[in-house]
Amino acid sequence: MNTRRYLERALLDMLKTKPVTQIFVSDILAEVGVCKATFYKHCCDKYDLLQKSFQTAYYAEILAHAENFEQFVSLSLAAFRKTPKVVLHAMPREDPNGLFDYHCGLLCTFLRKESRSGDERVMRVFARTVTEVTVDWLSAPRLAPSEEVMRLIRALSPVGL
């Protein structure tokens, strides 16, 4: 495993116990045992590392295996269900550098690739809504079945997507 993967793993492990705002680069450096120069060789800041970690942990396989939008969402929900605390800490809505917008962008990219509709604005609004539904699902004290979430997402789906 290369250094960036060690940094990513350390950050994801820390997110299981505290939010990203309470994690400092120095904490990650101490966990992995590398110097600042090595850290900054691989990423700009902890948010950049967070995006890379999230993409590696949740989407590398999903993007490769999803053949349609519903499968993409199903695989995402399954990945989120494995470590909901990490996802919730990584995607605070109030954090402008957080992964909420990143997830929306990723969904929008997937929709653009799969959709016959060219309406970028509709895709962005839908991707944001799907992300909100997913985060709300993760925030629930008891997770509703993912089929219910899929049903809600299908009901929200604009015509043509």
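A few remarks follow.
- Number of positions in segment 10-26 that are buried (at least 17 other Cβ atoms within 10 Å of the Cβ) and assigned to a helix (DSSP H, G or I): 6
- Taken over segment 84-108, the criterion of being buried (at least 18 other Cβ atoms within 10 Å of the Cβ), modelled with pLDDT of 85 or more and more than 24 Å from residue 157 (Cα to Cα) is satisfied by 86, 89, 90.
- Any hit, segment 135-154, residues being outside any helix (DSSP H, G or I), buried (at least 16 other Cβ atoms within 10 Å of the Cβ) and modelled with pLDDT under 85: no
- Single residue of segment 115-134 satisfying the filter (among the hydroxyl-bearing types (Ser, Thr, Tyr) and in a helix (DSSP H, G or I)) that is nearest to residue 155 (Cα to Cα): 129
Residue by residue, here is whether (1) in contact with a Pro (Cβ under 6 Å, 6 or more places away or on another chain); (2) more than 19 Å from residue 134 (Cα to Cα); (3) assigned to a helix (DSSP H, G or I) holds:
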| residue | (1), (2), (3) |
| --- | --- |
| 28 | no, yes, yes |
| 38 | no, yes, yes |
| 44 | no, yes, no |
| 72 | no, no, yes |
| 92 | no, no, no |
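- Some residue of segment 46-58 being assigned to a loop (DSSP other than H, G, I, E, B) and touching a helix residue (DSSP H, G or I) at 6+ places or on another chain (Cβ under 7 Å): no
- Whichever residue in segment 109-134 is polar (S, T, N, Q) and modelled with pLDDT of 85 or more and, among such residues, is farthest from the chain's Cα centre (by Cα): 129
- Residue in segment 101-113 that is among the small types (Gly, Ala, Ser) and either in contact with a Pro (Cβ under 6 Å, 6 or more places away or on another chain) or not in a helix (DSSP H, G or I) (or both) present: no
The values are calculated or read from the model by the stated rules, or taken from the named source; none is laboratory data. Keep in mind that what you see is a predicted model, and the values were worked out from it rather than measured. Quick reminder, even Gly has a Cβ in these numbers, built from the backbone with ideal geometry, and neighbours come from all protein chains shown.
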